[in-house]
Amino acid sequence: MPRAGLDRATVIAAASELADEVGFAGLTMGLLAERVGVRTPSLYKHVDSLDALQRGVGLQAVRDIGAVLTRAAVGRSGPDAVRAIAETYRKWALDHPGRYAASVRAPRPEDEEYQAVAYEAVQILVDAVAGFGLTDERVIDAVRALRTVIHGFVGLENDAFRMERDNAESYRFVVDSLISGMQAEAAVGGPGTAPLHAGEGS
């Protein structure tokens, strides 16, 4: 019998916390069983496999990211929204390294639930970037650039940046440079003719 009070949501939550401590790649069913106080076979009553567990951690991470970015972007647009999103995303990623690593795994094409949650998270960036008045094609380019900046910087700063310069200052410089590029592009290209529609993700 499963431990009283243990269900799939509790298992995923415990796995998410453990991933932040040991790294997403270090997450195992055995370690998780120890964390929640059951034998390893008991976990399979709640998740079918390690892959299913990793999928659950990633899905919840993307949901959480979407929620914090939505709050950060409320009442903002254009440069203010992009700065708020970029700062919030970096802080969340540094505070939750295991969950961050789980969130960047691409969902499988047949996983409609994961695809929908990932789309909603990306749409937050689309809405922020659309405030610059870019063409529809450039909105997609700009969202990809913003995601590249965020993921690239966060992925490197813990292990690769060793010069005596505050990482936060460098991050703001990179984000502001990207914003300047968007503003320059908008001045040249003009606004798009129609908003992006569902399915036109980045």
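The values are calculated or read from the model by the stated rules, or taken from the named source; none is laboratory data. Here the structure is a predicted model, which is why all the values come from computation and not from measurement. Backbone-built Cβ (ideal geometry, glycine too); neighbour counts: all protein chains shown. To get the accessible areas, we keep the full protein, side chains included, count just its heavy atoms, and leave off ligands, DNA and RNA. Shrake-Rupley method; radii C 1.70, N 1.55, O 1.52, S 1.80 Å.
If you sort the three axes of the alpha carbon gyration tensor as a ≥ b ≥ c, you get a/c of 1.5 or more for the chain and a/b above b/c, which makes it prolate.
At a 1.4 Å probe radius, carbon and sulfur cover how many percent of the accessible area of the chain? Mind dumping the intermediate values first?
Numbers: 5780 of 10810 Å².
About 53 percent, which is the carbon plus sulfur part of the accessible surface.
For the range 61-110, a simple Cβ point-charge model (Lys and Arg +1, Asp and Glu -1, everything else neutral) yields a dipole of about 40 debye relative to the Cα centre. The alpha-carbon atoms of the range 57-144, seen along their principal axes, cover 35, 30, 18 angstrom, with the largest extent given first. When the chain is treated as a GNM with alpha-carbon contacts under 10 Å, the residue of Ser77, Ser180, Ser103 showing the greatest mean-square fluctuation is Ser180. Computed over the chain, relative contact order equals 21 percent, with contacts defined as Cα pairs under 8 Å that lie 6+ residues apart. Run lengths n ≥ 4 of DSSP H only: what is the helix-derived mean residue ellipticity at 222 nm for the chain, with -39500 (n - 2.57) per run over all residues, to the nearest 500? About -23000 deg cm²/dmol.
Computed on protein heavy atoms with a 1.4 Å probe, the accessible areas place Tyr100, Tyr119 in the order Tyr119, Tyr100, largest first.
Of the residues Val22, Val57, Val154, the one that moves most in a GNM of the chain with alpha-carbon contacts below 10 Å is Val22. Post the alpha-carbon centroid distance, the range 98-143 to the range 1-76, in whole angstrom. When both Cα centres are located, 22 Å separates them. The figure for Lys91 is an accessible area of roughly 130 square angstrom, using a 1.4 Å probe on the protein chains alone. Accessible-area rank, largest first, for Glu110, Glu169: Glu110, Glu169, with all protein chains present and a 1.4 angstrom probe.
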